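Here is the structure we will look at.
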Amino acid sequence: MRQIHVLNGPNLNLLGKREPGIYGTKTLEDIEASLQAIAQREHIQLVFRQTNFEGGLVTHIHEAGEVMADVILNAGAYTHTSVAVRDAIKAAKVRAIEVHLSNVHAREEFRHHSYIAPVAIGVIAGFGANSYVLALRALLDMPPAA
Ligand code: DQA
């Protein structure tokens, strides 16, 4: 069965209570539930992981690569800082879609740069929790990597 890994980085465990004016009131569990509903219809398997550690995110990307899973990645602030996360995507040869709840380009200057975007299939930002759903739909429109 096709696997897609939904990987979330730092502070995203606090969704729902974290700056709701920017990130909305849905929790990570709410986002998981809406993606699972699609996955069941589409007969694919989703794996959800969240970590507040840069190395943990690197390991999660490697693990997706080992099973040839595509990745929906919200690396949070590591998007703007982490060469290690960028290198992990290349090293593990995963197809990743970069997602953000907020429109990072309409926010502070330091959020405009992404280390991940150049090695991602594409970027979806600014649609709140729906950014994840749009990313899943985009992957489902592509033939599986494995
Ligand atoms: C975020 C945007 C990042 O700039 C920020 O550091 C986050 C969340 C988003 O989903 O909008 O943690 O990735």
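The values are calculated or read from the model by the stated rules, or taken from the named source; none is laboratory data. Note that the structure is a prediction, hence the values are computed from the model and not measured. Here Cβ is always computed from backbone atoms with ideal geometry, including for glycine, and neighbour counts include all displayed protein chains. Ligands, DNA and RNA are stripped out before the accessible areas are found, and what is left, the full protein with its side chains, is counted by its heavy atoms. Shrake-Rupley method; radii C 1.70, N 1.55, O 1.52, S 1.80 Å.
Structure above, values below:
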{"quantity": "Contacts under 9 angstrom Cβ, first residue in region 109-120 being closer than 12 Å to GLU98 by Cβ, partner open to solvent by 80 Å² or more (accessible area, probe 1.4 Å) and assigned to a helix (DSSP H, G or I), 6 or more apart", "calculated": "VAL119/LYS90"}
{"quantity": "Every residue from region 69-99 that is within 14 Å of the ligand (Cβ to nearest atom), open to solvent by 10 Å² or more (accessible area, probe 1.4 Å) and free of Cβ contacts under 8 Å to residues at least 40 places away in the same chain", "calculated": "HIS80, THR81"}
{"quantity": "Residue in region 100-117 that is surrounded by the most Cβ atoms within 10 Å (Cβ to Cβ), counting only those that are part of a helix (DSSP H, G or I) and not small (Gly, Ala, Ser)", "calculated": "VAL104"}
{"quantity": "Residue list for region 1-16, restricted to those being touching a residue at least 24 places away in the same chain (Cβ under 8 Å) and either outside any loop (DSSP other than H, G, I, E, B) or more than 14 Å from the ligand (Cβ to nearest atom) (or both)", "calculated": "MET1, ARG2, GLN3, ILE4, HIS5, VAL6, LEU7, ASN8, LEU12, ASN13"}
{"quantity": "Number of positions in region 118-137 that are open to solvent by less than 40 Å² (accessible area, probe 1.4 Å) and assigned to a helix (DSSP H, G or I)", "calculated": "6"}
{"quantity": "Residue in region 53-61 that is more than 11 Å from the chain's Cα centre (by Cα), crowded, with 17+ Cβ neighbours inside 10 Å, within 17 Å of TYR132 (Cα to Cα) and away from the ligand (no atom under 11 Å from the Cβ) present", "calculated": "no"}
{"quantity": "Index of the failed condition, GLU19 passing every other in (1) at negative phi; (2) exposed (fewer than 15 other Cβ atoms within 10 Å of the Cβ); (3) within 16 Å of the ligand (Cβ to nearest atom)", "calculated": "(1)"}
{"quantity": "Any chance ALA145 is part of a helix (DSSP H, G or I) and among the small types (Gly, Ala, Ser)", "calculated": "no"}
